[in-house]
1. Any idea what the relative contact order of the chain is, in percent, if you count C-alpha pairs under 8 Å spaced at least 6 apart?
2. Could you rank the peptides 282-290, 376-384, 175-183 by their average count of other C-beta atoms within 10 Å per residue, with the highest value first?
3. Compute the projected area of the convex hull of the Cα atoms of region 3-104, averaged over all viewing directions, and report it in nm² to one decimal place.
4. Compute the distance in nm between two label points, each set 7 Å from the Cα along the Cα-to-Cβ direction, one at residue 301 and one at residue 157.
5. Using just the helices of the chain, give the 222 nm mean residue ellipticity in deg cm²/dmol: DSSP H runs with n ≥ 4 each add -39,500 (n - 2.57), and the total is spread over all residues, rounded to 500.
6. Work out the FRET efficiency for residue 112 and residue 184 from their Cβ-Cβ distance, taking R0 = 45 Å, and round it to the nearest 0.05.
7. Could you tell me, in Å, what Rg and Dmax come out for the Cα atoms of region 264-402?
8. Which distance in Å, rounded to a whole number, links the C-alpha centroids of region 220-294 and region 94-132?
Ligand code: KDG
Ligand code: MG
């Protein structure tokens, strides 16, 4: 299973994606997702200029050895660019191993531990009534779990709010869009939204909310406490997590479950959060966290401490990453939930895939490997476009967390 070719493709079928394709001497191919939203070309260069030359001639079957070689061999460890690049190689190698074995990747991970992967959809709106209608729309489509976000009066643009029904794409513009953030109106309004959803639509579905790193620990504690009777599945990213011990403050005040980790890259980013049981769900995904190989170790650590998984699944993770997450989700004992946002039709055309949605669950499909293809004939139609995630400022002009 010698690797004879390693190529990086950058395309923009609705949004930017960076995809690694490895080929073995017997002609097997494997795909990996190397998309880092707003910093795509950094990972493309890391792979093309520094990693691809190291892969040629190696045995594609030696997944752990290649992981260790790329991680320890670079000397410079961790960080989103490095870990996304390693993650892309790792996913491509699992894809090849599955194809070589004639099995879907989940079989190589121990087989199915459940029948399907519970997913949550993104409902949002410009006000509470339109958000309620959006939640209802997801329930009508068969979703069993829905995340609710609404625009706060007085703020013009906010994370998670879009006119589109099924997808949300925050990256836009040749230069970053600047938005204004105010915490107090948000803290007053979100409990109203979540209480109204429960009052009007009941408790027969899982309800989630993403704070998107906007609060201080004590503000997050206040929010968690004020929405306790909404029985949230989780409150996500209530505060930035560089200082892991700050989650002790939230924990001291509220029983609302906490989910964190979409911006983490390694097990060391979440070690304290897990071992002190400061969170309930770990949100790391299969591309930004060094691939399936590293994510499984994180899940195993989390299992010891009763923390469950909840992989990030925004549209900036390509169908290759979503498929990898599904093989992981269906096989890991301490799975919690999977985020699911629909990709554009153009993206689905470029990445035909075996995974499918049915009655609230995603299924990875039975194709050997990850079950995703790359239609290279379409790539010329969708060239890379520079885009950035927005930047947020307070009313006084100071930069804050977006
Ligand atoms: O690229 C950034 C997005 O992936 C992130 O803003 C999405 O918070 C997010 C979520 O929960 O999906
Ligand atoms: Mg999030």
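1. Relative contact order of the chain: 23 percent.
2. Top of the packing list down: 282-290, 175-183, 376-384.
3. Here the figure is 6.4 nm², rounded to one decimal.
4. Output for this residue pair reads 3.6 nm.
5. Mean residue ellipticity, 222 nm, calculated: -10000 deg cm²/dmol.
6. 0.45
7. Taking only Cα atoms of region 264-402, I get Rg and Dmax of 17.3, 55 Å.
8. The two parts, judged by their Cα centres, are 20 Å apart.
Values quoted throughout were computed directly from the atomic coordinates according to the rules given, and no laboratory measurement underlies them. The structure displayed is predicted, hence computed values, not measured ones. Methodologically, a virtual Cβ is constructed for each residue, glycine included, from the backbone with ideal geometry; neighbour enumeration extends over all protein chains shown.
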